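Reviewing the structure listed below.
Bear in mind that the values in this text are calculations on the coordinates, not laboratory data. These numbers come from a predicted model, not from an experiment. Backbone-built Cβ (ideal geometry, glycine too); neighbour counts: all protein chains shown.
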Amino acid sequence: MAQLQIEGLCKGWDFPVIDQMNLTVEEGEFFVVVGPSGIGKTTLLRLIAGLESPNEGRIILGGNDISRLPPYKRPVAMTFESYALYPHLSVFENIASPLRARRLPKREIEQRVMDVARLLKIDQLITRRPAEVSGGQKQRTALGRTLVADPEVFLLDEPISHLDAKIRHELRAQFHTLEALRRVANIYVTHDYAEALSLGDRIGVMGQGGLVQVGTAHEVFEKPQTLFVAEHLGQPSINILDCELSTEDGVLIACHRESSLTLPVAQAHAQQLKRGNASHVSYGIRPQYITVIADGEAVCDSLHVVDCTVSLFEPLGTYAILMAETAGATITALSSPEHRYEQGESIRLGIDTAEAFFFDAVTGKNLVL
Amino acid sequence: MARVTLDNVNKIYFSRRGDVHAVQDMSLNIEDGEFISLLGPSGCGKSSTLRMIVGLESVTSGEIRFDGDLVNELEPQERNVAMAFETYALYPNFTIEENLGFPLEVRGISKQDRKEEVHRIAELLQISDVLGQKPGALSGGQQQRVSLGRALIRAPAAFILDEVMSHLDAHLKFQMMIELRRIHQSLERTMLFVTHDQMEALALSDRVAVMNEGRLHQFGTRDDLYHAPANVFVAGFIGEPPTNFFTARPDESNGALTLLTLDGGTRFYPSATRAARIRSHGADQYIIGIRPQNMSPIANGLDTSITAKVLLNEYSGERSTLTLMAGENRLQAITHSSDRIKRDEEVKLYYHPDNVLVFDVETENLLT
């Protein structure tokens with residue numbers, strides 16, 4: 001009933017933020033837009049909400065063109081990253097405001113506001129004003145005000161980015177199960193790729209001018225169509241080595257242009273690369289596929305082993321980041337925070353070359369899909 | 001350079017609608033040149049603590065000292081601390097170059113020196129290409145870097161950074177963390193970082209002060225907070241996803257001491273030292289804590305496990321988070337994203353007995 005369609009949407013002329021964008025979000029779908037800051041994610045939401053007008057294109061909701069409707073006539077509810085709460089009203093009244101505007105009966109308003117407040121764990125502060133609650137609590141109030149309305153489209157702009165891990169994980173689980181979201185089309189904007197991958201039914205990766213790739217979490221992470229998508233998803237970001245392909249004794253190898261590091265190319269990849277006549281590529285390998293090999297540990301065939309010197313070891317929460325130098329190149333690996341590595345320490349890293357990506361050095365297109 | 005000491009500091013906001021005791025008996029000793037973080041959920045009092053150190057908020061009781069000198073009554077500008085804010089607080093009608101150079105201009109530094117310093121800092125923060133623009137033309141992340149740059153340029157005795165990375169995307173955040181680390185190592189200045197993001201806190205600081213409801217719960221290194229969390233709050237707050245908790249009673253029917261959850265469905269084997277500690281403690285109930293990353297569907301040589309049913313498998317690229325039910329208890333575990341575990345599947349989750357944390361039910365403190 002309430003499928004959201006975006007057709008040929010344009011915003012901006014000389015340097016368009018959004019250039020000829022097409023997108024369909026189904027009813028009940030949770031669509032997540034992820035991209036770097038300043039790329040125009042919020043602008044997209046503002047266009048759908050009617051807070052900005054497009055230069056071209058149409059926004060169609062449930063078959064009706066809403067592009068020319070004023071914001072208040074669009075059945076759309078939006079949360080803002082900057083909260084936009086009424087400072088003189090209590091948390092309760094802020095959440096209730098969309099319902100008051102529709103003149104719903106008092107009892108129903110109270111019921112719906114309290115349900116939402118309990119869900120978001122702000123029912124204890126319902127009488128306080130925005131100035132008397134913390135940043136995270138303000139964000140939840142803003143989220144509550146969106147959830148309480150009964151729209152056909154939810155637009156959520158970084159709704160949980162300022163919250164601490166514990167509440168963020170609780171709310172994330174709720175986004176998976178909230179019934180209210182399964183009846184409408186949702187567009188959720190975030191800069192956090194892990195949040196995007198775990199929440200989205202589909203994910204749209206936004207780059208210059210619009211969506212660069214749309215797909216399920218597995219598709220965008222494991223089969224990035226471009227270098228930009230591969231670099232944007234993942235932390236620490238994917239290792240990219242500017243390489244020249246050459247054949248040695250009939251075997252295809254990738255030679256790093258800035259160092260003497262060479263990497264063998266897996267059979268399956270080699271065939272496709274040869275067919276495409278590729279020579280100059282960006283070789284990409286995610287840090288998770290580079291592992292430390294302990295002394296005396298057996299090495300399986302698919303691992304290419306290199307001797308390295310540790311240049312940085314940073315233990316984070318559940319994992320650690322290990323940067324190491326080998327043959328003049330720096331590579332980043334994911335490791336366990338439980339084992340410490342000192343700067344200058346010699347280690348052996350195993351690179352799982354079967355998991356490598358090859359992008360065209362000029363166009364950035366994935367050559368092995 | 002400064003050693004910052006807080007001694008029994010309290011902050012009470014008096015109001016007609018009920019006083020708020022925002023900071024309670026806070027004592028903290030920050031060594032000269034140390035990088036520490038104040039970490040806690042929103043509303044825990046970390047911003048109030050910080051504002052008292054800077055001098056933006058009066059101290060209700062207690063003492064704040066810089067290098068042993070009492071600063072309670074000093075004005076912010078007399079304290080020689082620089083602060084970067086979550087809300088950028090940039091001058092909208094000045095260019096980025098002017099915004100960055102302003103703290104130097106106020107101190108009467110020559111135009112040429114100012115320019116050099118501004119360009120050095122801009123280079124460091126990767127904002128050289130926007131120096132001629134005004135804040136309104138910049139994205140949130142860029143504005144935040146300008147705000148940070150303006151604090152760094154003053155070269156004060158102590159830097160205070162208030163949620164300065166919260167608006168940066170993951171990519172930039174990671175770069176900035178490494179940058180900040182490097183800046184700290186080269187400047188050797190005392191840095192105090194306030195954040196709700198534990199990854200930032202753990203990655204950046206030498207020690208982390210974990211606060212909740214106005215109180216300091218633990219002040220320690222990453223390893224302290226992970227392996228010996230002082231209480232249930234710290235264990236639940238540090239770690240992503242949060243630690244799993246179970247209420248359980250000791251059971252010695254099979255000879256060895258085990259902990260059986262109240263629904264009787266799940267049995268945990270604590271380490272020998274903890275088992276001995278439980279015996280000497282002698283309570284009839286305990287809270288068990290075990291971290292999601294310490295429970296794995298892959299045995300890896302372990303033989304202690306629990307059985308649970310999968311509710312949700314959240315894929316997030318490098319890893320997946322499983323949400324499961326073990327009897328009546330909900331828990332989470334982290335797996336490799338290549339393990340395609342389906343909903344409603346029964347899995348065995350293996351753990352090492354050393355990773356079973358045991359807390360007192362009443363005080364919620366760790367049994368050490």
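State the Cα centre-to-centre distance between segment A:141-161 and segment A:1-65 in whole Å. So the two Cα centres are separated by 17 Å.
With Cα atoms defining each centre, segment A:200-233 and segment B:100-159 are spaced 34 Å apart in the structure. Shielding of peptide A:309-318 by partners, expressed as the average count of other chain Cβ atoms within 10 Å per residue Cβ, is 5. Rg and Dmax, both from the Cα atoms of segment A:4-232 and both in Å, are 17.5, 54. Among beta bridges from DSSP that stay inside chain A, the antiparallel ones total about 75%.
Using only side-chain charges placed at the Cβ, +1 for Lys and Arg and -1 for Asp and Glu, the dipole size of segment B:69-111 relative to its Cα centre rounds to 180 debye. With the helix formula -39500 (n - 2.57) applied to DSSP H stretches of n ≥ 4, chain A reaches a computed 222 nm mean residue ellipticity of -7000 deg cm²/dmol.
For the pairs A:Lys121/B:Lys46; A:Lys41/A:Lys365; A:Lys223/B:Lys342; A:Lys41/B:Lys309; A:Lys106/A:Lys138, flag any whose C-alpha to C-alpha distance is greater than 26 Å. Checking Cα-Cα distances, A:Lys41/B:Lys309 exceed 26 Å. For the protein assembly as shown, the spread of Cα coordinates along the three principal axes comes to 80, 74, 65 Å, biggest extent given first. Positive-end ranking of A:His280, A:Ile321, B:Tyr315 along the dipole of the protein assembly as shown, with charges on Cβ about the Cα centre, is headed by B:Tyr315.
Once the Cβ-Cβ distance between B:Thr363 and B:Thr87 is put in as r, and R0 is 41 Å, what FRET efficiency do you end up with, to the nearest 0.05? About 0.60, to the nearest 0.05. Panel order for B:Tyr91, B:Tyr315, by other beta carbons found within 10 Å of each beta carbon, from fewest to most: B:Tyr91, B:Tyr315.
Exposure proxy for A:Cys10, A:Cys300: other Cβ atoms within 10 Å of each Cβ, ordered fewest to most, give A:Cys300, A:Cys10. Shown here for segment A:252-331: trypsin sites (Lys or Arg not before Pro) in loop regions (DSSP other than H, G, I, E, B) with at most 14 other Cβ atoms within 10 Å, namely A:Arg257. Taking amide H positions as modeled 1.01 Å from N, with prolines and chain starts lacking one, no residue 5 or more places away or on another chain lies under 5 Å from B:Leu90.
Using a cutoff of 8 angstrom between alpha carbon atoms and counting only pairs six or more residues apart, the relative contact order for segment B:4-233 works out to 29 percent. Among the residues of A:125-137, the average count of other protein chain beta-carbon atoms within 10 Å of the residue beta-carbon is 3. Cβ crowding within 10 Å ranks B:Ile306, B:Ile12, A:Ile48 as B:Ile12, B:Ile306, A:Ile48, fewest other Cβ atoms first.
For the protein assembly as shown, the share of DSSP beta bridges that are antiparallel, to the nearest 5, is 75%.
With viscosity 0.890 mPa s and temperature 25 °C, the Kirkwood radius over alpha carbon pairs of chain B converts through Stokes-Einstein to a diffusion coefficient of 106 µm²/s.
By the gyration tensor of its Cα atoms, with a ≥ b ≥ c the square roots of the eigenvalues, what is the shape of segment B:65-213: rounded for a/c under 1.5, prolate for a/b over b/c, or oblate? Because a/c hits 1.5 or more and a/b fails to exceed b/c, segment B:65-213 counts as oblate.
For chain B, a simple Cβ point-charge model (Lys and Arg +1, Asp and Glu -1, everything else neutral) yields a dipole of about 460 debye relative to the Cα centre.
DSSP assigns beta bridges within chain B; of those with both partners inside it, close to 75 percent run antiparallel. The fraction of Cα-Cα pairs per 10 angstrom bin, counted from 0 for segment B:241-360, comes to 14, 46, 29, 10, 1 percent, rounded to whole percents. 3J(HN,Hα) along segment A:209-225, derived from phi through the Karplus expression 6.51 cos²θ - 1.76 cosθ + 1.60 where θ = phi - 60°, amounts to x, x, 7, 8, 8, 10, x, 6, 4, 4, 4, 5, 7, 9, 10, x, 7 Hz, with x in place of Gly and Pro. One way to sum up the overall shape of segment A:255-369 is the equivalent ellipsoid from its Cα gyration tensor, whose semi-axes run 27, 15, 13 Å, largest first.
Inter-chain Cβ neighbour count for A:158-165, averaged per residue, equals 5 (cutoff 10 Å, partner chain atoms only).
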